[in-house]
Amino acid sequence: MKISEFLSEKAIFTDIKATKKEDVLKELVELLGNSGEIDKRCTTKILTALMARESLGSTAIGQGVAIPHAKVDCVSKLIAAFGLSRKGVEFDSLDGEPAYIFFLLVAPQDSAGPHLKALARIARLLKDKYFRDSLRSCQDEKSVIKIVTQEDEKKF
């Protein structure tokens, strides 16, 4: 599975302003809504589902990375947004460090397979320090797309 198959190019933001977990999620969900990838009327439901998931345990996996995700009945396909925080956000990470890189995944309620494959793919790629550092140095959306596309083209 390639990240470019589900990452919306219109839902990439390299300058997240939020400083709190819920605000980061809100910013990323609004980005998806503004991209046209999801119905804007669905944003509250998605945010509620994401916060419910976070209450089970943080989706910050360490090393400056968080992969917030949720399944909702108001989307028809797996979709992702990408965000980058320059200052870092306290996200209850496993290693206690702030999160800088955010991949937000939203999947249809009944899509366990694609949802889990996407999570695994992103987590596997983000274990690579070079890939993380490359993403953190991106100044704009085009450079994020370029780096993700390059990774997608490698064998996995």
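The values are calculated or read from the model by the stated rules, or taken from the named source; none is laboratory data. None of these values were measured; they are calculated from a predicted model. Positions of Cβ are backbone-derived with ideal geometry, glycine not excepted, and every protein chain shown enters the neighbour counts. Calculation scope for accessible area: heavy atoms of the full protein, side chains included, ligands and nucleic acids excluded. Shrake-Rupley method; radii C 1.70, N 1.55, O 1.52, S 1.80 Å.
As a summary of the residue check, E9 satisfies the conditions (1) within 22 Å of L125 (Cα to Cα); (2) surrounded by fewer than 16 Cβ atoms within 10 Å (Cβ to Cβ); (3) at pLDDT 95 or above except for the one numbered (3).
For region 16-25, give me the residue count where each residue is over 14 Å from F82 (Cβ atoms) and open to solvent by less than 80 Å² (accessible area, probe 1.4 Å).
Just the residues of region 16-25 that are over 14 Å from F82 (Cβ atoms), to begin with: 17-23.
From what is left, the residues that are open to solvent by less than 80 Å² (accessible area, probe 1.4 Å) are 18, 21, 23.
Count: 3.
Scanning region 91-110 for residues that are touching a strand residue (DSSP E or B) at 6+ places or on another chain (Cβ under 7 Å) and either over 23 Å from D23 (Cβ atoms) or assigned to a strand (DSSP E or B) (or both) returns A99, Y100, I101, F102, F103, L104, L105, V106, A107, P108, Q109.
Screening L32 with (1) open to solvent by 50 Å² or more (accessible area, probe 1.4 Å); (2) in contact with a Leu (Cβ under 9 Å, 6 or more places away or on another chain); (3) farther than 16 Å from L119 by Cβ gives one miss only, at (1). Checked against the criterion of being more than 25 Å from C74 (Cβ to Cβ) and open to solvent by 90 Å² or more (accessible area, probe 1.4 Å), region 110-126 has at least one qualifying residue. Pairing residues of region 116-127 that are farther than 17 Å from E153 by Cβ with residues that are open to solvent by less than 100 Å² (accessible area, probe 1.4 Å) and aromatic (F, W, Y), at Cβ distances under 7 Å and at least 6 apart in sequence or on separate chains, gives A118/F6. For region 42-76, the set of residues classified as more than 26 Å from K127 (Cα to Cα), in a helix (DSSP H, G or I), open to solvent by 50 Å² or more (accessible area, probe 1.4 Å) and in contact (Cβ under 8 Å) with a residue 12 or more places away in the chain consists of K45 only.
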